[in-house]
Amino acid sequence: MKYLALFISLVFSKCLFATEPAESVKSLQRSTPESQGISSSKILDFVDATDRNVASMHSFMLVRHGQVVTEGWWGPYDATTRHELYSLSKSFTSTAVGLAIEEGKLRLEDKVTQYFPEDTPADASDLLKSMRVRDLLMMATGHVSEPKVGFKEAWTKTFLTHPVSKTPGSHFLYNTPSTYMLSAIVQKQTGVTTLDYLKPRLFDPLGIEAPTWGLSPQGVSLGGYGLNLRTEDIAKFGQLLLQKGKWQGQQLIPEAWVTAATSNQISTGRDAKGDWGQGYGYQFWQCRNGSFRGDGAFGQYCIVMPEQDAVIAITSGTKDMQAVLNHVWEKLLPAFQGSALAEDAMTETKLKDRLATLIIPTPSGSASSQRMDMLVGKRFDFEKNSQELEQVSFEKAANGGLRLVMTYNGVAQRLQCGFGDWKRGKLKMGSAPEQQVATSGAWNSDSEYNVKMCLVETPFILSLRMQFNGDELLFDSESNVGFAQNKKPQLVGRSTSIAK
């Protein structure tokens with residue numbers, strides 16, 4: 001868990017996670033699928049297919065002709081909670097750059113080094129000196145490997161001292177630090193973070209309330225990741241792009257910028273049959289079927305379909321991002337019709353009922369075991385470990401179930417475990433900030449208790465397997481997705497009676 005905790009700590013540093021009631025959000029208009037030319041049965045096929053084949057979907061919203069026709073969340077994820085967007089954040093950074101260019105704060109052809117003379121090497125190469133803002137936007141910096149930022153020096157300096165081996169503008173390399181550089185330039189030229197710059201220009205007009213964006217050690221919005229928004233916020237952004245930057249009669253983003261940013265600016269040099277081989281714009285991916293998208297790790301999507309006048313917003317926690325898009329093209333794309341369809345009340349009700357019961361699978365097994373009463377009053381201590389877990393104990397909950405108590409850095413975290421459902425709580429793992437979490441557990445046998453923990457502001461779902469062997473607790477932890485090894489080394493805890 002240490003890697004996961006440290007990563008979450010960086011992404012969410014200096015962010016607030018308060019949520020407001022759903023009714024306070026300025027919402028998109030709602031309609032029925034058939035009235036907007038889409039069959040409810042086709043949408044139901046998509047929901048069933050993704051629920052069955054994608055591990056795991058968290059939310060889905062379909063907008064056509066500016067109307068939300070379908071929306072659903074897999075519990076414990078919900079409409080009110082912000083979700084980490086990962087690289088979908090890049091598309092918002094691109095928007096900030098477009099606005100700053102419109103305001104005369106910078107230009108596409110500006111050289112990157114002119115903004116950071118203090119971080120530029122004295123012996124800077126001609127290739128580095130030729131790198132432009134445009135090249136950052138296209139992921140065409142001339143690097144052949146990504147700079148690895150850390151805590152020892154300013155990230156702008158790390159980027160500018162990284163070797164530039166190819167002519168900037170000629171070679172695509174997906175490069176998250178290049179987006180950070182865009183965010184740093186916006187901040188340097190406007191005097192505020194990218195988040196604060198976008199609030200009055202984008203977020204407030206769209207009714208996107210209290211967005212959060214992680215900061216680098218230098219206090220710069222992360223740019224390439226770290227933005228947290230609700231599903232409907234993603235859909236609003238997509239609808240704004242579909243409308244060429246116009247919102248309720250106001251031109252929020254210059255139309256020319258939307259057109260340029262979402263057009264094919266450079267070849268990605270990948271398999272042209274997939275959605276990562278269609279080309280890249282200014283921090284936007286090209287898609288098959290005449291569409292474009294912003295996307296983020298583990299399946300965060302803002303898909304804009306101009307030919308269908310539609311937007312699809314998805315959050316998920318999957319290792320196979322292409323599979324999600326395949327389902328969109330195979331199940332949803334054929335469903336769009338050019339005119340309204342006859343209302344199908346029966347199927348529409350069936351779809352609504354299905355959406356209302358979506359849930360991340362909980363652990364299977366029994367609600368109780370003979371060992372439960374024996375665990376109450378015992379504590380299992382662990383030797384120092386990379387997961388920073390110190391102790392595990394159990395308490396009897398008011399409903400007769402278990403309350404899991406996990407201690408990190410001397411702080412006990414009490415989590416109510418649902419059975420067949422999810423119980424909300426909060427968790428602080430080691431050095432990571434406190435997170436909203438939903439927990440569910442079940443006994444697989446009399447000696448094995450399995451727990452799932454959904455970190456509902458992120459794609460991460462942790463599976464804990466606790467095996468009781470005499471006075472020992474064998475503790476296994478695995479994350480559904482991650483940037484490193486998902487399965488952690490087994491920990492062994494030794495039991496101690498808790499003093500009354």
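Is at least one residue of the range 72-84 touching a residue at least 60 places away in the same chain (Cβ under 8 Å) and part of a helix (DSSP H, G or I)?
Step one: of the range 72-84, the residues touching a residue at least 60 places away in the same chain (Cβ under 8 Å) are 72-84.
Remaining after also requiring part of a helix (DSSP H, G or I): none.
No: the range 72-84 contains no residue that is touching a residue at least 60 places away in the same chain (Cβ under 8 Å) and part of a helix (DSSP H, G or I).
Taken over the range 321-339, residues that are surrounded by 14 or more Cβ atoms within 10 Å (Cβ to Cβ) and not in a helix (DSSP H, G or I) amount to 2. When the range 382-404 is filtered for residues that are polar (S, T, N, Q) and touching a strand residue (DSSP E or B) at 6+ places or on another chain (Cβ under 7 Å), the ones remaining, listed by number, are Asn385, Gln387, Gln391, Ser393.
In the range 444-488, what residues are assigned to a loop (DSSP other than H, G, I, E, B) and aliphatic (A, V, I, L, M)?
To start, the set of residues in the range 444-488 that are assigned to a loop (DSSP other than H, G, I, E, B) comprises 446-447, 455-460, 470-471, 480-486, 488.
Hits for the range 444-488 are Leu455, Val456, Val481, Ala484.
Inside the range 300-321, residues that are in contact with a Gly (Cβ under 6 Å, 6 or more places away or on another chain) and in contact (Cβ under 8 Å) with a residue 40 or more places away in the chain make up a count of 5.
If I filter the range 410-418 for residues that are part of a loop (DSSP other than H, G, I, E, B), modelled with pLDDT under 95 and small (Gly, Ala, Ser), do I get at least one hit? Within the range 410-418, one or more residues are part of a loop (DSSP other than H, G, I, E, B), modelled with pLDDT under 95 and small (Gly, Ala, Ser). When the criteria are applied in full, Leu108 fails the requirement of being hydrophobic (A, V, I, L, M, F, W, C) and buried (at least 22 other Cβ atoms within 10 Å of the Cβ).
Against the definition (assigned by TED's automatic domain parsing to the domain that holds Gln67, touching a helix residue (DSSP H, G or I) at 6+ places or on another chain (Cβ under 6 Å) and buried (at least 20 other Cβ atoms within 10 Å of the Cβ)), how does Phe292 come out, yes or no? Judged against the criteria, Phe292 is not a match. Taking first residues from the range 107-129 that are closer than 19 Å to His143 by Cα and partners that are small (Gly, Ala, Ser), the Cβ contacts under 7 Å between residues at least 6 apart in sequence or on separate chains come to Thr113/Ala124; Asp119/Ala154; Leu127/Gly142. For the range 103-146, taking the residues that are acidic (Asp, Glu) and in a loop (DSSP other than H, G, I, E, B), the one that is nearest to Thr93 (Cα to Cα) is identified as Glu103.
Of all helices (runs of 4 or more DSSP H) completely enclosed by the range 149-254, which ones contain at least 2 residues that are aliphatic (A, V, I, L, M)?
On the way: elements: 155-160, 176-190, 194-198, 231-242.
Counting at least 2 such residues, we get 176-190, 194-198, 231-242.
Determine whether Ala260 is more than 21 Å from the chain's Cα centre (by Cα) and in a helix (DSSP H, G or I).
Numbers: more than 21 Å from the chain's Cα centre (by Cα): yes; in a helix (DSSP H, G or I): yes.
For Ala260, the condition - more than 21 Å from the chain's Cα centre (by Cα) and in a helix (DSSP H, G or I) - is met.
Within the range 169-202, restricting attention to residues that are of a type in the set (Val, Ile, Thr) and over 18 Å from Phe159 (Cα atoms), which residue is surrounded by the most Cβ atoms within 10 Å (Cβ to Cβ)?
Of the residues in the range 169-202, the ones of a type in the set (Val, Ile, Thr) are 176, 179, 185-186, 190, 192-194.
Right, trim to over 18 Å from Phe159 (Cα atoms) and you get 190, 192-194.
Details: Thr190: 17, Val192: 14, Thr193: 21, Thr194: 29.
Checked the range 169-202; the qualifying residue surrounded by the most Cβ atoms within 10 Å (Cβ to Cβ) is Thr194.
Tallying residues that are among the aromatic types (Phe, Trp, Tyr) and buried (at least 17 other Cβ atoms within 10 Å of the Cβ) within the range 231-265 yields 2.
Just a yes or no: is a residue in the range 418-434 assigned by TED's automatic domain parsing to the domain that holds Asp471, touching a Gly at 6+ places or on another chain (Cβ under 6 Å) and either acidic (Asp, Glu) or over 25 Å from Asp78 (Cβ atoms) (or both)? Within the range 418-434 (the criterion being assigned by TED's automatic domain parsing to the domain that holds Asp471, touching a Gly at 6+ places or on another chain (Cβ under 6 Å) and either acidic (Asp, Glu) or over 25 Å from Asp78 (Cβ atoms) (or both)), the answer is no, since none of the residues qualifies.
The values are calculated or read from the model by the stated rules, or taken from the named source; none is laboratory data. Everything numeric here is computed off the predicted structure, so don't read it as measured data. In this analysis, Cβ positions are derived from the backbone assuming ideal geometry, glycine residues included, and neighbour counts consider all displayed protein chains.
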